[in-house]
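Below: the structure, in structure tokens.
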Amino acid sequence: MNKIYLILVLILLFSCVREKGFIHHKYEINQISEIYDNNIEEISEIYRSNINDTLYNQNWIIRNGVLDTLSSNFYILDLERIEDEKRNLGTLTINSPTYEKHKASSIEREIWLHLIQFKDSKIDILDYHSINSNKVDFDFYSDNDTIVGVLREQILKDTIVDGEKMIRFIEVILMIDNKHNTNNPFIETFREED
């Protein structure tokens, strides 16, 4: 299954438009804020395409000036760049209300981080993984400090359907970028159709 994703991502990556050495970015990343009654603010990260499609990614709920981590879905990217080695290493931590909601009946939680590596004029997809943790560590060599990828949180939980014990599969997907403009090919690969 991961091989299919890899092929789709590589096709989309190589379809980026180049004109006189300049890459046209397909998406600009911004934040929008909505203020509701009772001192509640919602800040959402959006990816807006050059044809004005909008994809919602992370969100932060703030109640009375305090971040509500039980309602907010976001990641924290802790990145260190060792320039003379062309090395990126760090930790990605996910805050997931989906997991918190299903934690009591959860059997297993897996975090998959797929990152694109730009090295020596080659492009590769690197996979990082953790089980029953909200963190995943990464360490790779790249020609620049750009982080482009996708985070997949997969939760398996016990459930009962029509009196029969079953396992339910839940997946949360977040795009990962550390620049304001991106051609993140995982958007097209994992995007849900309306």
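On the given criteria, is residue 143 at pLDDT 90 or above and on the phi > 0 side of the Ramachandran plot? Steps first, answer last, please.
On the way: at pLDDT 90 or above: yes; on the phi > 0 side of the Ramachandran plot: no.
So residue 143 does not fit the description; no.
Within the range 27-61, can you find the residues that are in a loop (DSSP other than H, G, I, E, B) and either in contact with a strand residue (DSSP E or B) (Cβ under 9 Å, 6 or more places away or on another chain) or not charged (D, E, K, R) (or both)? Full working, then the answer.
Step one: of the range 27-61, the residues in a loop (DSSP other than H, G, I, E, B) are 37-39, 50-53.
If the condition is that a residue be in a loop (DSSP other than H, G, I, E, B) and either in contact with a strand residue (DSSP E or B) (Cβ under 9 Å, 6 or more places away or on another chain) or not charged (D, E, K, R) (or both), then 38, 39, 50, 51, 52, 53 are the ones that fit.
Condition first: surrounded by fewer than 18 Cβ atoms within 10 Å (Cβ to Cβ) and in a helix (DSSP H, G or I). Now tell me which residues in the range 91-114 satisfy that.
97, 98, 100, 101, 103, 104, 105
Would you point out the residue of the range 55-67, among those that are surrounded by 13 or more Cβ atoms within 10 Å (Cβ to Cβ) and free of Cβ contacts under 8 Å to residues at least 24 places away in the same chain, that is nearest to the chain's Cα centre (by Cα)? It would help to see each step written out before you state the result.
First pass over the range 55-67, keeping only residues surrounded by 13 or more Cβ atoms within 10 Å (Cβ to Cβ): 55, 57-63, 67.
From what is left, the residues that are free of Cβ contacts under 8 Å to residues at least 24 places away in the same chain are 59-62, 67.
Numbers: 59: 12, 60: 15, 61: 18, 62: 21, 67: 20 Å.
Ranking the candidates gives 59 first.
Would you be able to tell me the number of residues in the range 68-90 that are farther than 17 Å from residue 172 by Cα, surrounded by 14 or more Cβ atoms within 10 Å (Cβ to Cβ) and of a type in the set (Val, Ile, Thr)?
Summing the residues that are farther than 17 Å from residue 172 by Cα, surrounded by 14 or more Cβ atoms within 10 Å (Cβ to Cβ) and of a type in the set (Val, Ile, Thr) in the range 68-90 gives 0.
Whether any residue in the range 111-122 is in contact (Cβ under 8 Å) with a residue 40 or more places away in the chain and either over 25 Å from residue 83 (Cβ atoms) or charged (D, E, K, R) (or both) is what I want to check. Spell out how you get there, then give the answer.
Pass one, the range 111-122, residues in contact (Cβ under 8 Å) with a residue 40 or more places away in the chain: 111-116.
Now drop any that are not either over 25 Å from residue 83 (Cβ atoms) or charged (D, E, K, R) (or both), which leaves 111-112.
Among the residues of the range 111-122, at least one is in contact (Cβ under 8 Å) with a residue 40 or more places away in the chain and either over 25 Å from residue 83 (Cβ atoms) or charged (D, E, K, R) (or both), which makes the answer yes.
If I ask for residues that are free of Cβ contacts under 8 Å to residues at least 40 places away in the same chain and more than 20 Å from residue 58 (Cβ to Cβ), which ones from the range 123-143 would you list? Don't jump to the end; show me each part of the working.
From the range 123-143, those free of Cβ contacts under 8 Å to residues at least 40 places away in the same chain are 124, 126, 128-133; that's our starting set.
124, 126, 129, 131, 132, listed by residue number.
Restricting attention to the range 33-47, does a residue exist that is within 27 Å of residue 131 (Cβ to Cβ), surrounded by fewer than 17 Cβ atoms within 10 Å (Cβ to Cβ) and modelled with pLDDT of 95 or more?
Narrowing the range 33-47 to residues within 27 Å of residue 131 (Cβ to Cβ): 45.
Restricting the remaining residues to those that are surrounded by fewer than 17 Cβ atoms within 10 Å (Cβ to Cβ) gives none.
Within the range 33-47 (the criterion being within 27 Å of residue 131 (Cβ to Cβ), surrounded by fewer than 17 Cβ atoms within 10 Å (Cβ to Cβ) and modelled with pLDDT of 95 or more), the answer is no, since none of the residues qualifies.
Any idea which residue in the range 53-108 is nearest to residue 177 (Cα to Cα), counting only those that are among the hydrophobic types (A, V, I, L, M, F, W, C) and touching a helix residue (DSSP H, G or I) at 6+ places or on another chain (Cβ under 8 Å)? Don't jump to the end; show me each part of the working.
So the first thing to find is which residues in the range 53-108 are among the hydrophobic types (A, V, I, L, M, F, W, C), and the list is 55, 60-62, 66-67, 70, 74, 76-77, 79, 82, 89, 92, 94, 104, 107.
If we keep only those that are touching a helix residue (DSSP H, G or I) at 6+ places or on another chain (Cβ under 8 Å) too, we end up with 55, 70.
Values: 55: 14, 70: 23 Å.
Taking the candidates together, the pick is 55.
Can you confirm whether the range 124-142 contains a residue that is over 21 Å from the mean Cα position of the chain (by Cα) and surrounded by 15 or more Cβ atoms within 10 Å (Cβ to Cβ)? Write out each step before concluding.
As a first pass, look at the range 124-142 and keep what is over 21 Å from the mean Cα position of the chain (by Cα): none.
Looking through the range 124-142, none of the residues is over 21 Å from the mean Cα position of the chain (by Cα) and surrounded by 15 or more Cβ atoms within 10 Å (Cβ to Cβ).
Just give me the residues in the range 62-89 being acidic (Asp, Glu) and part of a strand (DSSP E or B), in sequence order. Walk me through it before giving the result.
Pass one, the range 62-89, residues acidic (Asp, Glu): 68, 78, 80, 83-85.
Residues satisfying the conditions are 78, 80.
Is it the case that some residue within the range 108-122 is touching a Phe, Trp or Tyr at 6+ places or on another chain (Cβ under 8 Å), basic (Lys, Arg) and farther than 27 Å from residue 26 by Cα?
Taking every residue of the range 108-122 in turn, at least one turns out to be touching a Phe, Trp or Tyr at 6+ places or on another chain (Cβ under 8 Å), basic (Lys, Arg) and farther than 27 Å from residue 26 by Cα.
Take the residues in the range 21-32 that are modelled with pLDDT of 95 or more and of a type in the set (A, V, I, L, M); name whichever of them is surrounded by the most Cβ atoms within 10 Å (Cβ to Cβ).
Per the stated criteria, the residue is 29.
The values are calculated or read from the model by the stated rules, or taken from the named source; none is laboratory data. Because the structure is a prediction, the values reported are computed rather than measured. All Cβ positions, glycine included, derive from the backbone under ideal geometry; neighbour counts span all protein chains shown.
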